[in-house]
Amino acid sequence: MRVPLIFPMLASIERIDPVSTNAVDPPGSPTTGYDRDLREPYPYVSGSEIVDTRKYLVAFDLPVQVEFKRFEELAGDFHGDCPDSNMILVVHHEHLENLGLLSSGRCLIEKGSKIASLKSLEDGTVSLDPRSPLYVFEVRPDSQGFGPSGFDLELIYTNSRPPRLR
């Protein structure tokens, strides 16, 4: 049995390109633009501004279910680098498989990818255009016990802070 999405929308997602980001040679140390351990780009200071070295792949549309955390859940988040967005995108493995974004049961959408907009599934009109782009903070498997692999859904936690403020 596969779990369907409820009231799906299309998310326009630009995956981070670690190879192109790593090819950036910022001044000073480090000599590459991407930290493979933390899976984040290295920003650097140029004059008085912080320069983001992040490079993206071509955007694609992915059906998602949009959920929001309750205030009580947000207030309970006190661990480490907590996202300041309460928006969670639920993604189905079937859609990831169709787009080639699932490898050995692992979602290939990574931390730092950008969510530009959310569109209507029926006619493609923009339903939710965030004031600033949303960034993927974390991707976790969900729906234990459903689907061929035992996990049929992925939860994409978003962060509305621009990369230059991290």
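The values are calculated or read from the model by the stated rules, or taken from the named source; none is laboratory data. Nothing here was measured: the structure is a model prediction, and the numbers come from that model. Neighbour counts are summed over all protein chains in view; Cβ atoms, including those assigned to glycine, are modelled from backbone coordinates with ideal geometry.
Looking only at residues in the range 87-120 that are within 13 Å of the chain's Cα centre (by Cα) and of a type in the set (Lys, Arg), the one that is nearest to ILE6 (Cα to Cα) is LYS114. Scanning the range 93-126 for residues that are under 18 Å from LEU153 (Cα atoms) and either assigned to a loop (DSSP other than H, G, I, E, B) or of a type in the set (D, E, K, R) (or both) returns GLU94, GLU97, LEU99, GLY100, LEU101, SER104, GLY105, ARG106, LEU108, ILE109, GLU110, LYS111.
Taking the range 35-53 as the range and being out of contact with any Asp or Glu (no Cβ under 7 Å at 6 or more places or on another chain) and surrounded by 11 or more Cβ atoms within 10 Å (Cβ to Cβ) as the test, the residues that pass are ASP35, GLU40, TYR44, VAL45, ILE50, VAL51, ASP52, THR53. Within the range 1-24, take every residue that is part of a helix (DSSP H, G or I) and out of contact with any Asp or Glu (no Cβ under 8 Å at 6 or more places or on another chain) and give me the one that is surrounded by the fewest Cβ atoms within 10 Å (Cβ to Cβ). Checking each candidate, the answer is VAL19. Selection of the range 69-115 for residues being modelled with pLDDT under 85 and small (Gly, Ala, Ser) yields ALA75, GLY76, GLY80, SER85, SER104, GLY105, GLY112.
For the range 128-159, the set of residues classified as out of contact with any Asp or Glu (no Cβ under 6 Å at 6 or more places or on another chain), in a loop (DSSP other than H, G, I, E, B) and either hydrophobic (A, V, I, L, M, F, W, C) or at pLDDT 65 or above (or both) consists of ASP129, ARG131, SER132, PRO133, listed by residue number.
List every residue pair whose Cβ atoms sit under 7 Å apart, with the two residues 6 or more apart in sequence or on different chains, where the first one lies in the range 5-25 and is free of Cβ contacts under 8 Å to residues at least 40 places away in the same chain and the second, anywhere, is of a type in the set (Lys, Arg) and buried (at least 18 other Cβ atoms within 10 Å of the Cβ). Listed by first residue and then by second, the contacts come to SER20/LYS55; THR21/ARG54; THR21/LYS55.
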